[in-house]
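We did not get these values from a lab; they are worked out from the coordinates using the rules stated. Here the structure is a predicted model, which means the values were calculated and not measured. Virtual Cβ from ideal backbone geometry, glycine too; neighbours counted across all protein chains shown.
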Amino acid sequence: MLGFAGTREWVEAQSVTGTFTTIRRWTFFALHLILFATPWIPVGGHPAILVDLPHRQVFAFGSVFTAADTIFLLIMLLFLAFSLFFFTSLLGRLWCGYACPQTVFLEAWIRPIEQWIEGDRSRRLHRGRGGLSFDLAWRRVVKWLAFALVAVVVSMAFVSYFAGARELWMGQGGPVEYTIVAILSGVFFLDFAWFREQFCNYLCPYARFQGALTDNETIQVTYFPVRGEPRGGKTAAADGRCIECNKCVVVCPQGIDIRNGFQLECIACSRCIDACHGVMEQLGHPSLVGYSSMAEMQGGKRPRFLRPRTLAYAALLVGLVVSGVAMARGRVPFEVTVNRTPGSLYTMDADGAVRNTFLLKVTSNESAPGAVTYAVRVEGLADAEVIVPEFSLQSSESHTAPLVIRLPATATLSRTIPFRVLVSAPSGEVTVEATFKTGASDGRE
C-alpha cells in the first residue's frame with residue numbers, strides 16, 4: 001500500500017518495558033477514565049460534561065453555560081493553547097508522547113491487540129515476508145474486526161459528550177448522532193489499520209511549529225554521542241559505548257533512529273530510553289538515550305526552567321486563570337432580556353396614567369436542582385406601579401412574562417425616561433437598562 005512518499009515502509013514497533021513505559025500506561029489509564037467516565041457522572045442533574053449543541057448550552061461540573069458565556073470558552077481555549085506552549089518550551093513534545101489521543105489509542109489498544117493476535121515484531125515480519133496464507137489472512141481479518149470494534153467504542157465515547165452517554169449507549173439517540181458515530185468510526189478505523197504514524201508525519205501541525213516554541217534549553221529525548229560513539233567494536237560493551245543492537249530503532253513507533261539526532265518525527269514517547277536502558281543496564285553502564293537539552297549537550301550547561309520564554313508563557317497562564325476566576329465569581333447563573341411589546345410604545349389609561357408594557361424573559365442557568373423564584377423591581381421611575389406575575393424556574397428553563405409599568409401623568413414627565421429593571425434570585429442579581437415612553441410634547445428627552 002502506498003504512503004505519501006513512494007512505497008510505504010510499515011513501522012512494526014517492538015514491545016518494550018521500562019520506567020517511562022509504566023508512567024505512560026498509568027497516564028493512559030487516567031485519560032481513558034476521564035474519556036469514558038465523565039459523561040456518565042451526574043452533577044446537578046446533568047452529566048459532568050455535556051455539550052448540548054441544539055440548545056446552545058454546555059453543562060460543565062454543575063454549571064450551565066450558554067452563548068452569552070462565550071468569553072469563558074475563549075479563555076479556556078487560550079489557556080489550553082498557552083499550556084501547550086509552556087510545557088513544550090520546557091519538555092518538548094510531552095503532549096505527543098503522553099497525552100495525544102493518537103498516541104494513547106495506538107499504544108493502549110491497537111498495538112497490544114496486534115501483538116496478541118499476530119505476535120511480536122519478529123513474528124509479524126516473518127508472516128509478512130511469507131506472502132498471503134490462511135494463517136496470515138485469518139489473523140488480519142480478526143485484527144481488523146478488533147480495530148473496528150475499538151473505533152466504534154472510541155467514537156461512542158466521544159459523541160457521548162454531545163448526545164448524552166446514557167441515551168447514546170442505550171440505543172435512544174437520534175439518526176444524526178449515530179451517523180456521526182459511523183463516520184468517526186470509519187475515520188478511526190482507517191487511522192488504526194493504515195494511517196498510524198503518517199498522521200504525525202504528514203497531518204499534525206504540531207511537529208511543524210514546535211520549533212518556534214523550543215530553544216536550546218528545552219529538555220528533549222536525546223542520544224548522548226559522547227558516551228555512545230564510536231559505535232561497535234570489540235570493546236564497546238566494556239566501554240559503555242553503543243553496541244549497535246538497534247533496540248532503540250525497532251521500538252520506535254515513528255520508525256526513526258534517535259542516534260541520528262533530533263528529528264521532527266520524534267514524539268518523545270521515551271520508548272527508546274527504556275529500550276537502551278534495558279540493554280545497557282545488563283552491561284553495567286548508564287543508558288545512552290535520555291532527556292537532555294541542546295545547551296547541555298554542547299557545553300554542559302544545565303537547562304534553566306526560568307527563562308524569558310517560559311516566564312512569558314507562565315505569566316499569560318496566570319493572567320488567564322485570574323481573569324477566568326474573577327469572571328466566574330461575578331457571573332450570575334441566569335439571563336434576562338427586556339423588550340418592548342411589539343406595536344405599542346405607550347398607552348394612556350382611563351385614570352390618566354401612562355402605561356408601558358414589556359416582555360421580560362428570564363433563562364435559568366442554575367446548577368442546583370429545584371425551582372428558583374425570581375423577584376423583579378424597577379429603579380429610576382418615581383411613583384411607578386410595577387405589575388409582573390411571580391414565577392419560578394427549574395434549571396435550564398426559560399420563562400417570558402409581561403412586565404407592566406404605570407406612571408401617573410404629570411406635567412414634569414419627559415418624553416423618554418431611562419430606568420433599570422432588576423431581576424434577583426438567591427444566586428445574584430441582573431440589571432437591564434430600558435426606557436419608558438410617555439408621549440410628552442415638551443421636547444425633553
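About its Cα centre, region 1-331 has a charge dipole of approximately 420 debye under the convention of +1 per Lys or Arg Cβ and -1 per Asp or Glu Cβ, with nothing else charged. A straight line joining the Cα centroids of region 157-172 and region 365-408 runs 36 Å. Here the alpha carbons of region 284-390 define both size measures, Rg and Dmax, at 30.8, 103 Å. Under the simplified labelling scheme, the Ala182-Ala99 pair shows an inter-label distance of 3.5 nm, with each label point 7 Å from Cα along Cα→Cβ. Any idea which of Ala193, Ser364, Ile258 is furthest toward the positive side of the dipole for the chain, if Lys and Arg beta-carbons carry +1 and Asp and Glu beta-carbons -1? Positive-most Cα among the choices belongs to Ile258.
How many percent of Cα pairs in region 334-437 exceed 16 Å? Tail fraction, whole percent: 57. Between Trp194 and Ala401, the modelled label-to-label distance comes to 6.1 nm, taking each label 7 Å out from Cα in the direction of the beta carbon.
Among Pro101, Pro426, Pro303, the largest mean-square fluctuation in a Gaussian network model of the chain (Cα springs under 10 Å) belongs to Pro426. Straight-line cross-link reach from Lys234 at under 19 Å between alpha-carbon atoms covers these aspartates and glutamates, not counting any fewer than eight positions away in the same chain: Glu244, Glu281. Computed over Cα pairs, the Kirkwood radius of region 138-270 leads via Stokes-Einstein (1.567 mPa s, 4 °C) to a diffusion coefficient of 69 µm² per second. Here percent of Cα pairs over 35 Å apart was computed from the coordinates, and among (i) 53; (ii) 37; (iii) 30 the match is (i).
Rg/Rh for region 93-189: what does it come to with C-alpha atoms and Rh from Kirkwood?
Values: Rg = 16.5 Å, Rh = 15.3 Å.
Rg divided by Rh gives 1.08.
Take Ile258, Ile75 and order them by how many other Cβ atoms sit within 10 Å, fewest up front. Display every interim value, and only then the final one.
On the way: Ile258 22, Ile75 18.
Least crowded to most crowded, the residues run Ile75, Ile258.
Span-like helix check, the chain: qualifying full DSSP H segments, with Cα axial length of 24 Å or more and mean Kyte-Doolittle of 0.0 or more, are 19-37, 70-91, 134-163, 308-330.
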